[in-house]
Amino acid sequence: MSNLRTLYPPIEPYETGMINVGDGHTVYFERVGKPGGKPAVFLHGGPGGGISPDHRRLFNPERYDVLLFDQRGCGRSKPHASIEANTTWHLVEDIERLREHVGVTQWMVFGGSWGSTLGLAYAQTHPDRVSELILRGVYTVTQAEIDWYYQFGVSEMFPDKWAAFQAPIPEVERHDMVAAYHRRLMGDDPIAQLEAAKAWTIWEGETIALLPDPALSAPYREGILR
């Protein structure tokens, strides 16, 4: 029998809403758990990810009052997929606006993957607002980390998936996969954009964990991304 802890039972938000954070952006948020309980904020991964119902289940609903939100351009926030006025420091100040909206002096900050980077940036900028800092899957966006994941390293662990990730990119451009994908994702060819978006997302979905979960990439393989 496994001794691993499981997630808490499914839970629905007791409050949802949109908050205008300026620069043409509105951010979707939701609150779960015990109103008036220990305040916490959840920072999702990506950049470009979003919150999901399972993220609500990371916290004891009898103890915590948790705010979750889709970062600028993500999930239900508007405008969708916008990268205008969308930097780390914009997101740090969005967290502060949300804290003020909740009306608490301090809260626990929980972040994973890209969310760990954002959590560190927030804690360094507003240390007096952080009661505790919990980080998992720490990823700090250093050049070494980017190279390991998108150039050489993970490629040796999943060679078949790496080949699929390379497929949309001509061989002469493969010395810098991030730059090659950026050109296509930011370019004017919608077909190339979609092909690159699918390949990038499938690569991440199938390699983000040591034991890949097909459910993470299935929607993109089935053509739901459009």
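The values are calculated or read from the model by the stated rules, or taken from the named source; none is laboratory data. All values reported here derive from a predicted model rather than from experimental measurement. With ideal geometry, Cβ positions are generated from the backbone for all residues, glycine too; neighbour counts draw on all protein chains shown. The accessibility values were calculated without ligands, DNA or RNA, using every heavy atom of the protein model including side chains. Shrake-Rupley method; radii C 1.70, N 1.55, O 1.52, S 1.80 Å.
Points to keep in mind about this one:
- Just one of the listed residues (169, 146) is assigned to a loop (DSSP other than H, G, I, E, B), hydrophobic (A, V, I, L, M, F, W, C) and surrounded by 10 or more Cβ atoms within 10 Å (Cβ to Cβ), and it is 169.
- Matching residues in the range 172-192 - criterion: being under 19 Å from residue 47 (Cβ atoms), part of a helix (DSSP H, G or I) and open to solvent by 60 Å² or more (accessible area, probe 1.4 Å): 182, 183
- Residues satisfying the stated conditions in the range 153-166, i.e. in a helix (DSSP H, G or I) and either under 17 Å from residue 179 (Cβ atoms) or open to solvent by less than 70 Å² (accessible area, probe 1.4 Å) (or both): 154, 155, 161, 162, 163, 164, 165, 166
- Positions within the range 8-52 being buried (at least 18 other Cβ atoms within 10 Å of the Cβ), hydrophobic (A, V, I, L, M, F, W, C), touching a residue at least 40 places away in the same chain (Cβ under 8 Å) and touching a helix residue (DSSP H, G or I) at 6+ places or on another chain (Cβ under 7 Å), in sequence order: 21, 27, 29, 41, 42, 43
- So residue 123, is it of a type in the set (A, V, I, L, M), in a helix (DSSP H, G or I), free of Cβ contacts under 8 Å to residues at least 12 places away in the same chain and surrounded by 11 or more Cβ atoms within 10 Å (Cβ to Cβ): no
- Verdict on residue 75 being under 17 Å from the mean Cα position of the chain (by Cα), free of Cβ contacts under 8 Å to residues at least 60 places away in the same chain, within 24 Å of residue 132 (Cα to Cα) and part of a loop (DSSP other than H, G, I, E, B): no
- Within the range 45-72, being assigned to a loop (DSSP other than H, G, I, E, B) and either within 13 Å of the chain's Cα centre (by Cα) or at positive phi (or both) holds for 45, 46, 47, 48, 49, 50, 51, 52, 70, 71, 72.
- Subset tally (residues that are aromatic (Phe, Trp, Tyr) and open to solvent by 60 Å² or more (accessible area, probe 1.4 Å)) for the range 64-93: 1
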